[in-house]
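Everything below concerns the one structure shown next.
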Amino acid sequence: MSALSREQVAHLAGLARIQMTDAELDKMAGELAVILDSVAQVGEVTAQDIPPMSHPLPLTNVTRPDVVRPLDERLTAQQALSGAPAQEDGRFEVPRILSED
Amino acid sequence: MSTNAIQPVLDYDEVLESFDPVMGLEVHVELSTHTKMFCGCPTDFGAEPNTQVCPVCLGLPGALPVVNAVGVESVIRIGLALNCQIASWCRFARKNYFYPDMPKNFQTSQYDEPIAFDGYLDVEIPSRTGDGVEVFRVEIERAHMEEDTGKSLHVGGSTGRIQGADYSLLDYNRAGIPLIEIVTKPVRGAGERMPEVAKAYVAAVRELMVALDVSDARMEQGSMRCDANVSLMPKGSAQLGTRTETKNVNSLRSVERAVRYEMMRQGAILADGGTVRQETRHWHEDTGVTTAGREKSDAEDYRYFPEPDLIPIATTTEQVEALRATLPEPPGLRRKRLQGEWGYSDREMGDVVSAGAVDLIDASVAAGATPAASRKWWTGEVARRANADGKELGDYALTPAFVAELDSLVRSGRLNDSMARQVMEGVLAQEGSPTEVADARGLELVQDDSALEAAVDAVLADNAAIADKVRGGKVQAAGALIGQVMKATKGQADAAQVRALILSRLGVEG
Ligand SMILES: [Zn+2]
């Protein structure tokens, strides 16, 4: 049984900026532990010579030439801002930033 | 804030009596590719806000990034020039954080598989004796690919900074521009020269980027930025001290000053029995101090994971060697070679290097100017202005071709030194090429002998008494006659030639 503590779930929720109640934390700790256990079964069949896989396709070096895409394949400022909740002077407006990077 | 109150500093020599400084430098270089790292948006500086964006760099759902081939080539060339190993296989990673300068809520970067690692850069600092240079080797930890962030504008409040702002405005034109992060290993053993090593290292990286033609590396425009990690180790201890990270130090001079200041500030805390707080700090160019930023823990949790939307990069020995063949002559070796070819003293070469004139002189000599004239013009008035204006020599209307043209006008005898200076003024005032300026301003030595002879004869006829004195042997009296001829020719005659002409007319030996 993978141990996933309630504190670990709370930490992850904080990093992901998800607010969770105590009851939700208890519930998720249990459910996530079950998921981790299921995934951990994969470890039983892997051998040392199988590297962890992040990309399912055996591809490398898919690149594009350094050529500017034409305007109609990009966005105008108006299009870019069309879904923004607020804007000013062609810029996205965001609420006060509380901490410096 | 109490942490930002004026902090006591320890005398620099006293710091070094008790502590050994340790430094780590992170330099970010914006590549000068035509397009962004993961999309085909242009990268032009100064465009209207949010006009160089697309679904990829705005992080819109479903958009898929594709790597810029020139970005990969550039970082491999940078890695090779920094004497690094190049990874045969590596991936991109997502660095997750919530901050509005990254619309995706993560920055695409590299984590434990940087494309270049384990290198070094030899940097030159002035030798203690003041003539020549000493070489200091800075070890490179890694160079990796990532992307720049958008630009924020903080509105409201009094300072234009985040603190006290009412809201912020975001322009994502810069978001996604290729950024190469170059990280040093801890630099030790430089002692009191540490601030100089910091400056020399950043200068050497900058010079290398320009030589590789991968970035314009202009710190004042933000296309090259430096973060400086500094800590102090008590002498005789093997235990590293707590470090601070001073962010965005944006000139070579500031790098030196910021490292020196942090050594003195931390020295005061430690000498007083206190502990240094692990934090980011902000450098203030105007007051020459750093102030506290946010607290920083070693275990910042960015939840890095391999970027699933980007295919891994694999390099073969053949590809790497083909790129190695494109590397320019290392700037340090090139300077030595050019100094020899040009016949400059160490001091003259030092002036040329600090004026940023090496390439311009090289081009001027190639265009036909003498090395001496090239040095004189590039380290003269234009260098004085560039220094005063905080600009670079190439920002002015003077070009290597113009220097060669001006030098040729002087050598052919059309201009004397003071006229050439006036022509330089005109060129810098964008009045045209040296010939155009000389023509427009009517600057030309009178070389037409008959015209000069006529002027001399007229002056001799008007000043018979003085002429007689000169004839009688009072050669110094000729000065008055020379002055009159110069006046009559509006200063456009060569004084030595006038003197010779007067004396020969009067039958006196010079
Ligand atoms: Zn884009």
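Straight-line reach from B:LYS104: taking Cα to Cα under 30 Å and skipping same-chain neighbours fewer than 8 places apart, the lysines in range are A:LYS27, B:LYS36, B:LYS95, B:LYS151, B:LYS247, B:LYS296. Computed over the alpha-carbon atoms, the protein assembly as shown gives an Rg to Rh ratio of 1.11, Rh here being the Kirkwood radius from the mean inverse distance. A straight line joining the Cα centroids of region B:417-459 and region B:159-228 runs 47 Å.
Taking the longest Cα principal axis of chain B as reference, the axis of helix B:331-342 is set at about 10 degrees. I'd like the FRET efficiency for B:ALA69 and B:ALA458, computed as 1/(1 + (r/R0)^6) with the beta carbon distance as r and R0 of 56 Å, rounded to 0.05. That gives a FRET efficiency of 0.15.
If you wrap region B:304-361's Cα atoms in a convex hull and average its projection over all directions, what's the area in nm²?
Working: hull surface 30.6 nm².
Here the figure is 7.6 nm², rounded to one decimal.
Helical content of chain B, expressed as a calculated mean residue ellipticity at 222 nm, amounts to -11500 deg cm²/dmol (DSSP H runs of 4 or more residues, -39,500 (n - 2.57) each, divided by residue number, nearest 500).
Report, for the protein assembly as shown, the % of DSSP beta bridges that are antiparallel, rounded to 5. Each step should come with its number before you reach the end.
Working: 66 of 71 bridges.
Beta bridges within the protein assembly as shown, antiparallel portion: roughly 95 percent.
With a Förster radius of 41 Å applied to the beta-carbon distance between B:GLU14 and B:ARG385, the computed FRET efficiency rounds to 0.55. Counting Cβ atoms of other protein chains within 10 Å of each residue's Cβ and taking the mean over peptide A:81-91 gives 4.
Taking square-rooted eigenvalues a ≥ b ≥ c of the alpha carbon gyration tensor, is region B:409-477 rounded, prolate or oblate, where a/c under 1.5 means rounded and, failing that, a/b exceeding b/c means prolate? Intermediate results must be reported in sequence, preceding the final value.
Working: a/c = 3.48, a/b = 2.83, b/c = 1.23.
Prolate, since a/c reaches 1.5 and a/b exceeds b/c.
For the interface of chains A and B, what total accessible area is buried with a 1.4 Å probe, rounded to the nearest 100 Å²? Walk me through the numbers on the way to the answer.
Values: alone 9750 and 24850 Å², together 30500 Å².
Summed over both sides, the interface buries about 4100 Å².
A full extension of the chain between B:LYS376 and B:GLU436 corresponds to an added length of 19.5 nm, given 0.36 nm per residue minus the alpha carbon distance. Taking every DSSP bridge with both residues inside region B:237-349, close to 60 percent are antiparallel. Under a model in which nothing but the beta-carbon of Lys, Arg (+1) and Asp, Glu (-1) is charged, chain A shows a dipole of about 240 debye around its Cα centre.
Direction-averaged projected area, Cα convex hull, region B:449-505: 3.3 nm², rounded to one decimal. Here region B:12-322 has an Rg and Dmax of 20.0, 62 Å, counting Cα atoms alone. Taking the convex hull of the alpha carbon positions in region B:331-441 and averaging its projected area over all directions gives 6.7 nm². Each of B:SER418 and B:ALA401 was given a label point 7 Å from its Cα along the Cα-to-Cβ line. The distance between the two points is 3.2 nm. Dipole orientation for the protein assembly as shown: of the candidates B:GLY491, A:ALA47, B:PRO55, B:GLY491 has the Cα lying most toward the positive pole (charges on Cβ; Lys, Arg +1; Asp, Glu -1).
Got a sec? Which residues in region B:73-94 would a label at B:TYR120 touch, if it sits 7 Å along Cα→Cβ and we count backbone N under 12 Å? Flagged as within label range: B:83-84. Placing dummy labels 7 Å off each Cα toward the beta-carbon, the span from A:LEU59 to B:LYS487 is 8.6 nm.
Using a 10 angstrom Cβ neighbour count of at most 16 plus a DSSP loop assignment to flag exposed chymotrypsin sites (Phe, Trp or Tyr not before Pro), which longest range of chain B is free of such sites? Show your work: numbers first, answer last.
Details: sites that count: B:PHE45, B:TYR97, B:PHE98, B:TYR302, B:TYR304.
That gives B:305-510 as the longest site-free run.
Can you give the angle from 0 to 90° between the axis of helix B:400-411 and the longest principal axis of chain B, with both taken from C-alpha atoms, to the nearest 10? Approximately 20 degrees, to the nearest ten. For region B:12-322, the solvent-accessible area with a 1.4 angstrom probe is 40 square angstrom per residue.
What shape does region A:19-101 have by the C-alpha gyration tensor, where a ≥ b ≥ c are the square roots of the eigenvalues, rounded means a/c under 1.5, and otherwise prolate means a/b greater than b/c and oblate the rest?
Verdict is oblate for region A:19-101.
Label positions at B:THR291 and B:ALA322, each projected 7 Å from the Cα along the C-beta direction, are separated by 5.3 nm. The apolar share of the surface of the protein assembly as shown, taken as the fraction of accessible area on carbon and sulfur atoms (1.4 Å probe, ligands and nucleic acids excluded), comes to 52 percent.
With R₀ fixed at 56 Å, the C-beta to C-beta distance from B:LEU333 to A:VAL34 puts the FRET efficiency at about 0.35.
The values are calculated or read from the model by the stated rules, or taken from the named source; none is laboratory data. In this text the structure is predicted, and so the values were computed from the model without any measurement. Heads up, the Cβs are rebuilt from the backbone with ideal geometry, glycines too, and the neighbour counts pull from every protein chain shown. Quick note on the areas: whole protein, heavy atoms, side chains included, nothing else; ligands and nucleic acids left out. Shrake-Rupley method; radii C 1.70, N 1.55, O 1.52, S 1.80 Å.
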